[in-house]
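These notes are about the structure you will find just below.
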Amino acid sequence: MEITVTVNGREVTRDVEPRLLLTHFLRDHLRLTGTHWGCDTTTCGACTVRLDGVPVKSCTVLAVMADGARVDTVEGLAAGMAETDLDPVQQGFVACHGLQCGFCTPGMLMTTRALLDRDPDPSPATIREAISGQICRCTGYENIVRAVRWAAEAEQQAATTTEVAR
Amino acid sequence: MQVPATFGYELAPDLAGALALLARHGPDARPIAGGHSLLPMMKLRLAEPTVLVDINGLTELGGITVDGDAIRFGAMVRHAEVLDSAVVAEHLPILRDAERVIADPLVRNRGTVGGSLCQADPSEDLSAAFSALGATVVITSRDGERTVPVREFHRGPYETAVAHDELVTAVRVPIRPATGSAYEKVERRTGDWAVAAAGAVVSLDGHTVVRAGIGLAAVGAEHFVAAEAEEALRGAPATAESFAEAGRIAAEHCRPTADQRGPVDYKRHLVGVLVARTCHRAAARARGEV
């Protein structure tokens with residue numbers, strides 16, 4: 001059946017089988033391979049994207065269920081190609097070494113971006129709770145938590161600076 | 001790669017439309033809400049519905065509202081909404097406790113109250129919590145609404161009182177005075193199914209327990225209830241001894257099976273401890289202490 005989804009702000013229409021999972025729609029049909037396909041069992045969270053703003057595991061959502069919805073993937077996080085265009089969460093992962101192999105990173109970025117949109121100053125415990133549905137086998141999570149705190153502080157600082165500038 | 005068998009997909013426009021679609025496509029059609037139980041089962045080919053009727057657009061099945069002396073949960077309320085609800089935090093802390101340990105935040109963003117009950121997994125936490133609360137399930141068909149006490153809703157593992165052309169549309173939970181509640185679960189790791197879990201709802205008159213609801217998950221309790229322990233608590237003093245005795249009775253009467261999550265004696269031990277603990281916390285909450 002034909003579905004129309006707004007992916008990273010761009011409206012795309014494709015003819016898909018009802019059994020196609022959102023992960024494979026993004027990766028195979030749209031070639032947006034930033035969304036990783038991991039466990040396939042709703043466990044690891046590598047495939048996390050935002051569906052109408054809400055982070056979800058895209059291996060457990062049918063593409064047809066996203067018809068008419070907005071889907072945001074890791075490819076849509078950065079404003080441009082320069083390093084300074086990266087989302088503060090991405091910059092935090094760079095600054096704090098929040099990844100090693102990087103497989104879980106796209107999902108981690110999408111979840112923690114959603115967290116900061118909701119709670120701009122989360123405690124380390126809140127961050128750990130937010131990412132508790134995602135598995136990282138490299139970092140022991142310490143640096144991921146630091147990276148998100150880094151981003152929270154950077155965004156707050158930016159907000160204060162903007163206020164002062166006014 | 002796990003791929004479901006082929007199926008047809010229908011997006012239901014509203015409740016009447018959903019019921020008509022389910023009736024038209026027959027017993028092999030299934031409604032899909034959050035899909036976080038159904039889709040994994042379809043990937044494993046444990047479920048092979050011929051048609052999925054998507055009920056995610058049914059806004060009339062949303063909302064947590066106070067309705068007289070009851071709280072109504074629309075069947076499409078997501079776990080995350082239950083966890084964030086001020087009404088739940090005030091009146092039904094057992095659901096807040098339970099939601100904190102149901103799967104993980106991402107799954108809770110999709111999974112629904114109605115879907116959890118209809119999945120009827122013997123380890124499912126909301127079923128135990130709603131049983132402890134003495135909730136009522138509202139089931140709608142083209143002929144109208146009927147209500148089924150949650151303690152009669154589950155017919156066995158993965159079987160419920162819902163016919164193929166019906167939908168669970170709401171769950172109603174009574175608000176009781178001088179009542180507290182709590183839920184606790186032991187799991188192997190964050191987000192896993194329970195090794196054992198217990199929920200307690202305790203109503204007090206002074207220091208006496210006038211009513212106790214005790215729900216159990218993952219330990220083979222019929223209808224998710226520890227009926228003998230509830231009976232033992234009625235009229236008993238709200239003391240640590242009474243609650244420990246309730247735990248002992250619940251542990252004796254439940255029927256856990258040994259599996260990769262642990263042996264039978266361990267699960268019984270957990271039931272004893274968790275029932276006592278949750279009764280204790282529920283009573284403290286009833287007294288306004290926590």
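No lab work stands behind these numbers, since they all come straight from the coordinates. All figures in this text were calculated on a predicted structure; none of them were measured in a lab. Virtual Cβ from ideal backbone geometry, glycine too; neighbours counted across all protein chains shown.
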If you plug each phi of the range B:16-28 into the Karplus form 6.51 cos²θ - 1.76 cosθ + 1.60 with θ = phi - 60°, what whole-Hz ³J(HN,Hα) values come out, in order, with x for Gly and Pro?
-> 4, x, 4, 5, 5, 5, 5, 5, 5, 8, x, x, 8
Relative to chain B, whose Cα atoms define the longest principal axis, helix B:264-286 and its Cα axis are tilted in degrees, nearest 10, by 80
Three principal axis lengths of the protein assembly as shown [C-alpha, angstrom, descending] = 71, 55, 47
Range in chain B, longest, excluding exposed trypsin sites (Lys or Arg not before Pro) [loop by DSSP; at most 15 other beta-carbon atoms within 10 Å] | B:46-141
When the Kirkwood hydrodynamic radius is evaluated over all pairs of different C-alpha atoms of the range A:2-76, what value in angstrom, to one decimal, is obtained?
-> 11.8
Return the loop-located trypsin sites (Lys or Arg not before Pro) in the range A:39-147 (DSSP other than H, G, I, E, B) with at most 10 other Cβ atoms within 10 Å of their own Cβ; answer none if there are none.
-> A:R137
Which far-off residues, 5 or more places away or on another chain, put their amide H under 5 Å from the one on B:A196, with H placed in the peptide plane?
-> B:V186
Taking the C-alpha atoms of the range A:76-138, how large are the radius of gyration and the largest Cα-Cα span, Dmax, in Å?
-> 11.7, 33
Where does helix A:142-165 land angle-wise versus the long Cα axis of chain A, in degrees 0 to 90, nearest 10?
-> 70
Binning every alpha carbon pair distance of chain B at 10 Å from zero, what are the percents per bin?
-> 7, 29, 34, 21, 8, 1
For the range B:179-286, averaging the sequence separation of alpha carbon pairs under 8 Å that lie six or more residues apart and dividing by its residue count, the contact order in percent is 34
Taking only C-alpha pairs under 8 Å that are 6+ residues apart, what is the relative contact order of the range A:30-166 in percent?
-> 27
Tell me, what ³J(HN,Hα) does each residue in the range A:40-50 have, in order and in whole Hz, if you take phi through Karplus 6.51 cos²θ - 1.76 cosθ + 1.60 with θ = phi - 60° and put x for Gly and Pro?
-> 6, 10, 6, 9, 8, x, 5, 8, 5, 10, 9
So how compact is the range B:59-174: Cα radius of gyration and Dmax in angstrom?
-> 13.0, 37
Taking one equal scatterer on every alpha-carbon of the range B:8-54, how large is log10 of I(q)/I(0) by Debye at q = 0.20 1/Å?
-> -0.60
Per-residue ellipticity at 222 nm attributable to helices in the protein assembly as shown (runs of n ≥ 4 DSSP H, -39500 (n - 2.57) apiece, nearest 500 deg cm²/dmol) works out to -10000 deg cm²/dmol
Considering the dipole of the range B:179-286 built from charges on the beta carbon (Lys and Arg +1, Asp and Glu -1) around the Cα centre, which of B:F243, B:S203, B:V186 is farthest to its positive end?
-> B:V186
Take chain A, compute every pairwise Cα distance, and split them into 10 Å bins from 0; I just need the percent in each bin.
-> 11, 39, 33, 14, 3, 0
The range A:128-166 and the range B:155-199: distance between their alpha carbon centers, rounded to Å = 35
Summing +1 per Lys or Arg and -1 per Asp or Glu among the other residues with Cβ less than 9 Å from B:A182's Cβ gives +1
Computed label-point distance, nm, for sites B:R189 and A:D121 using a 7 Å Cα→Cβ extension | 3.4
Could you give me the ³J(HN,Hα) list for the range B:57-73, computed from phi with Karplus coefficients 6.51, -1.76, 1.60 and θ = phi - 60°, whole Hz, x at Gly and Pro?
-> x, 7, 5, 5, 9, x, x, 10, 10, 7, 10, x, 9, 9, 10, 9, 10
Taking every DSSP bridge whose two residues both lie in the protein assembly as shown, the antiparallel percent to the nearest 5 is 85
Rounded to 5, percent antiparallel among DSSP beta bridges of chain A = 85
Answer rounded, prolate or oblate for the range B:1-123, using the Cα gyration tensor with square roots of eigenvalues a ≥ b ≥ c: rounded when a/c is under 1.5, else prolate when a/b is larger than b/c, else oblate.
-> oblate
Among B:M76, A:M81, A:M110, what is the fewest-to-most ranking by other Cβ atoms within 10 Å?
-> A:M81, B:M76, A:M110
